[in-house]
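**Student:** The following block contains the structure, expressed as structure tokens.
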Amino acid sequence: MVSRYTIQSAVKVLDTLFAFTSPDPLTVDELGTRTHQSRNQVFRCIKTLHEYGLVADREDGYVLTPMALRLMPSIRRDPIVMVAEPYLRTLQEQTDETVNLVVRWQARETITLTTLPSRHAIRLVSQVGQVSFLHAGATPKAMLAFLESSVQADVLRELPQYPRYTPYTELNPERLRAELSVIRHRGYSISDQDFEMGGRGVGAPIWDRHSQPIAGISVGGPVHRVTDETLATWGPLIVQVAEAISTEMGWPGRPTNPPRVQQNIPHPGVPVGK
């Protein structure tokens, strides 16, 4: 229910601002599709943002300006970021690939909070603040597999209307249902070009003190480096790192702990052996 104190025109301007989820330019028509506003309304919103200096007009559309970064120092860091970052750095050193921390945002979406890029010249590139749905990508699928059945049912029911990020994005409800079952049994997800062409990786959920998946981590790289053997090695590793973060977040642990391949995972701060 919208409060009587809400300024509807301001809401429309903010909807337009937050439609920029990547550095790619967006046209007025593309912004209208994302915000479900008329072309005239989007034009007025984008002109307001342009005059304020938050967006710039390019030949192929509008882009955000660095002015938005002025808000960064005032943003309170999420506790999960502070807990997870040392583990993520260790994981990035061990794999030498891009590592991400993603949290559930709203009901059926996720948002990237932290990304540590690979040092390789050719690598997966993630954007802090990137929003995606739960049906594709390593970390979103890892969370979806362990969310309550009602959320899974909603996603599967609406799946045909979800974005097809690549030709490999699964939009068949029965096939995704089967994949989620495999993820629950295995403990981690595999993304094989279903979110980004040329990218493969694994993801695992982070649990809160109520044993609910509140976030997740992933590690991924380009297909020419990330083989099936690499994924099989990373899977148990990502689970152990996610569970270590979960424990610091107050997670009581699994009632029964199935045996897993043990990896040499030093606590953050312990040098990684060469």
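**Student:** Go through (1) in contact with a helix residue (DSSP H, G or I) (Cβ under 7 Å, 6 or more places away or on another chain); (2) surrounded by 15 or more Cβ atoms within 10 Å (Cβ to Cβ) and name the single condition Thr112 misses.
**Tutor:** (1)
**Student:** Output the residue which, of all residues in the range 109-121 that are closer than 20 Å to Lys141 by Cα and touching a Pro at 6+ places or on another chain (Cβ under 9 Å), is modelled with the highest pLDDT.
**Tutor:** Taking the candidates together, the pick is Thr110.
Here's the yes/no breakdown for (1) in the same structural domain as Val239 (by TED's automatic domain parsing); (2) closer than 20 Å to Gln212 by Cα; (3) assigned to a strand (DSSP E or B):
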site	(1), (2), (3)
Asn100	yes, yes, yes
Arg104	yes, yes, yes
Ala107	yes, yes, no
Val125	yes, no, no
Thr139	yes, yes, no
Ala142	yes, yes, no
Leu171	yes, no, no
Ile183	yes, yes, no
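**Student:** For the range 127-153, how many residues are surrounded by fewer than 24 Cβ atoms within 10 Å (Cβ to Cβ), of a type in the set (S, T, N, Q) and closer than 21 Å to Arg164 by Cβ?
**Tutor:** Going through the range 127-153 one residue at a time, the tally reaches 4.
**Student:** From the residues in the range 33-63 that are in contact with a strand residue (DSSP E or B) (Cβ under 7 Å, 6 or more places away or on another chain) and either among the polar types (S, T, N, Q) or assigned to a helix (DSSP H, G or I) (or both), which one is surrounded by the most Cβ atoms within 10 Å (Cβ to Cβ)?
**Tutor:** Kept after step one, since they are in contact with a strand residue (DSSP E or B) (Cβ under 7 Å, 6 or more places away or on another chain), are these residues of the range 33-63: 46, 49-50, 54-56, 61-63.
With either among the polar types (S, T, N, Q) or assigned to a helix (DSSP H, G or I) (or both) added as a condition, the list becomes 46, 49-50.
Working: Ile46: 24, Leu49: 20, His50: 14.
Result: Ile46.
**Student:** Any residue at all in the range 184-196 that's free of Cβ contacts under 8 Å to residues at least 24 places away in the same chain and loosely packed, with under 14 Cβ neighbours inside 10 Å?
**Tutor:** Yes, because at least one residue in the range 184-196 is free of Cβ contacts under 8 Å to residues at least 24 places away in the same chain and loosely packed, with under 14 Cβ neighbours inside 10 Å.
**Student:** Determine if the range 70-77 includes at least one residue that is within 27 Å of Asp208 (Cα to Cα) and of a type in the set (D, E, K, R).
**Tutor:** Within the range 70-77, one or more residues are within 27 Å of Asp208 (Cα to Cα) and of a type in the set (D, E, K, R).
**Student:** Of the conditions (1) surrounded by fewer than 22 Cβ atoms within 10 Å (Cβ to Cβ); (2) at pLDDT 95 or above; (3) within 18 Å of the chain's Cα centre (by Cα), Asn100 clears all except one; give me its number.
**Tutor:** Every listed condition holds for Asn100 apart from (1).
The values are calculated or read from the model by the stated rules, or taken from the named source; none is laboratory data. Since we're looking at a predicted model, the values are computed, not measured. Virtual Cβ from ideal backbone geometry, glycine too; neighbours counted across all protein chains shown.
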